[in-house]
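First comes the structure, then the notes that go with it.
Throughout, read-outs are computed from the coordinates displayed, never taken from laboratory work. Here the structure is a predicted model, which is why all the values come from computation and not from measurement. FYI the Cβ positions are ideal-geometry reconstructions off the backbone, even for glycines, and counts take in every protein chain you see.
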Amino acid sequence: MPKNAIISEVKTLSCSNSWRNYNFLRIVTEDGTVGWSEFDENFGSPGVTNVISQISHRLIGQSAMNHEHIREDLRDCTRPGSGGVVGQALGAIENALLDVKAKTLDVPCYALLGGKVRDKVRVYWSHCVSYRARTDHFSPGITDIEGVRQIGREVGEKGFTALKTNIFHYDDQNRISGWSPGFGRPHDPARNVERKTVKDLRKHLEVMREAAGPDIDLLLDLNFNGKTEGYLKLLREIEDLDLFWVEIDTLDPKALAYIRSHTKHPISSCETLIGLQQFLPFFREQAVDVAIIDTPWNGVWQSLKIAAAAEAYETNVAPHNFYGHLCTMMNAHFSAVVPNLRIMETDIDRIAWDAELFTHVPVYKDGYLIIPDRPGWGTEPNEAALHAYPPLETVGPAKKTPVPRLSI
């Protein structure tokens, strides 16, 4: 007789990851089964923890086996404020309920999601250069063109077949600096793309291509760092380069479709969308070659619905994954079952204590992540380690940068 998985406790935990915090949700049942999910408050999402605490009482006494019923109840009571941090809270709850249900049935989560269509998932090394440019957190850090060349070579040497990088400026001594006005670095609300950015982006990609070699796929992430005119300027400058995709964040599907129609490069987008309704206009407008789905934000069960809709529009999907190892495992199970998968994002550069925080870490072989067969997501936070690295009070989207001031 299966256990009924009646929920008795809902709790959030967090810890430091040096330059940001990791956030976790733990759901415990009356029979002692513990389900986990990982969520994020660093990527423009302050307050997810508070939303969870405000609605979690509605889970107590319910069965985690009925995760769709629970989510619909939570959706009903938060409908006027749906999306944003509310949607992310629902995603975190759904993912922890899936872990409970899978552990109750003693199966991997992918068994709940339809079963595997693949045993391994091709990954790309994300934030290549970007993370190591944080020299106060990564050692050795990357400060100049030689560091860019070194990490480009390292991708292939470590067995990976694809990398994704970002926009960098180079000075007259070939020292690098990141450029991301879409995230306030620098503060420039117009997000104009000027000549130096265009030329330096081409230089950066040429350096990475030369170092990585012709057999490594190069992905480029432009984020929210431009508007339609600026994105087109960047794409024209790099039109002749061999890129796997160019990732662009814009909330206007028609604008993105216009951009896509004016470049030969495949376009990926949608990583900041929540819910199938937000994705559908991008599918209808044929705005993307690859739809990126943030499964921690949306919930893996809901993400399957989005992937199925993408399939109906002959569009492949890729998970957004730049969080901790639990998120990587959650995305691995999603990637294992989705037929229309393109590739999976993962971060290879990790701080020293990252592995201590989880019971199991992802296994990579020849550029692929091997799907785990352990019950649930296949890893859990190590609670003792979480306590050893208390969360930082000075990180997050509203705290990490000085407030821009105008003269009076």
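Within 10 Å of each residue's Cβ, count the other Cβ atoms and sort GLU271, GLU393 from fewest upward.
On the way: GLU271 21, GLU393 9.
So the ranking, lowest neighbour count to highest, is GLU393, GLU271.
With the simple spin-label model, which puts each label point 7 Å out from Cα in the Cβ direction, the LYS227 to HIS69 separation comes to 5.0 nm.
Computed from label points 7 Å out along Cα-Cβ, the spacing between ASN50 and HIS262 is 4.1 nm. For the range 114-147, backbone nitrogen atoms closer than 14 Å to the point 7 Å from ILE370 Cα along Cα-to-C-beta are found at 119-121. Once both labels are positioned 7 Å from their Cα atoms along Cα-to-Cβ, the gap between HIS137 and ALA385 label points is 1.7 nm.
Partner aspartates and glutamates whose Cα lies under 20 Å from the Cα of LYS3, excluding those fewer than 8 positions away in the same chain, are identified as GLU30, ASP31, GLU68, GLU94, ASP99, ASP106. Rounded to the nearest 0.05, what FRET efficiency do ASP106 and LEU251 give with R0 = 45 Å and r taken as the Cβ-Cβ distance? Could you check? Calculated value: 0.60.
In this structure, LEU280 and ASN192 have a Cβ-Cβ separation that, at R0 = 35 Å, corresponds to a calculated FRET efficiency of about 0.70.
Taking the fewest neighbouring Cβ atoms within 10 Å as the starting point, the ordered list for VAL361, VAL85 is VAL361, VAL85.
Counting DSSP beta bridges in the chain, what percent are antiparallel, to the nearest 5?
Percentage antiparallel, nearest 5: 55.
Once the C-beta distance of CYS77 and GLU311 is scaled by a Förster radius of 30 Å, the resulting FRET efficiency is 0.45 to the nearest 0.05. For the chain, hydrophobic long helices are taken as DSSP H runs at least 24 Å long by C-alpha position along their axis with mean Kyte-Doolittle hydropathy of 1.0 or more; none is present. Taking other C-beta atoms within 10 angstrom as a stand-in for reagent exposure, HIS325, HIS333, HIS187, HIS204 fall in the order HIS187, HIS204, HIS325, HIS333, fewest first. Here the range 273-304 is scanned for amide nitrogen atoms under 20 Å from the site 7 Å beyond the Cα of ARG118 along Cα-to-Cβ, giving 288-296, 300-304. Can you give the net charge of the other residues whose Cβ lies under 15 Å from the Cβ of VAL86, counting K and R as +1 and D and E as -1? My count for the surroundings of VAL86 gives -3.
Of the trypsin sites (Lys or Arg not before Pro) found in the range 240-346, those in coil by DSSP whose Cβ has at most 11 other Cβ atoms within 10 Å are LYS264. Each Cα pair under 8 Å and six or more residues apart adds its separation to the average, and for the range 7-108 the resulting relative contact order is 31 percent. Rg and Dmax, both from the Cα atoms of the range 98-245 and both in Å, are 18.7, 61.
For the range 112-197, GluC sites (Glu not before Pro) meeting the loop criterion (DSSP other than H, G, I, E, B) and having at most 12 other Cβ atoms within 10 Å: GLU194.
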